[in-house]
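Computed from the coordinates by the stated procedures, all read-outs in this text should not be read as laboratory data. All of these numbers come straight from a predicted model, not from anything done at the bench. Positions of Cβ are backbone-derived with ideal geometry, glycine not excepted, and every protein chain shown enters the neighbour counts.
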Amino acid sequence: MKYFALILFFVLLSSCYQVERNCINYKTGLFESTVIIDDVSYTSTFKRTDRLQVETFENKTDSATVRWINDCEVVFKTINPKNMAEQKDIHLKILTTTDSTYTFEYSYVGEVIKQKGIAIKLN
């Protein structure tokens, strides 16, 4: 009986905490994202439509096509890459959502090293 109560406790505890992922709310809109790399914070703004994302970072604007793999994962392909790094596609996965933000991880397609950040929906 003790073991049953212990197992029931853990089942109830784990079922009460579920990560919210309403990713569909973040497929389009105007956003601001922040990523911290080596203790340095980088912020950019971007507008995403069903097929295009236009991002401004450090007064430079880039455009990428958008291809959703599922409701929470997307691949970006830079439209006019200026160097080898920009030729690589970027895979982004939404990890959690709130009513106005989402946390994400991203990496170049096929690479293991991932960065994490947070995006705020502005509209």
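Here are a few things to note about the model shown:
- With a Förster radius of 22 Å applied to the beta-carbon distance between Asp89 and Glu58, the computed FRET efficiency rounds to 0.55.
- Annotation for segment 17-123: GluC sites (Glu not before Pro) lying in DSSP loop with at most 15 further Cβ atoms inside 10 Å of their Cβ are Glu20, Glu58, Glu111.
- Taking every alpha-carbon pair within segment 57-117, the share separated by more than 16 Å comes to 52 percent.
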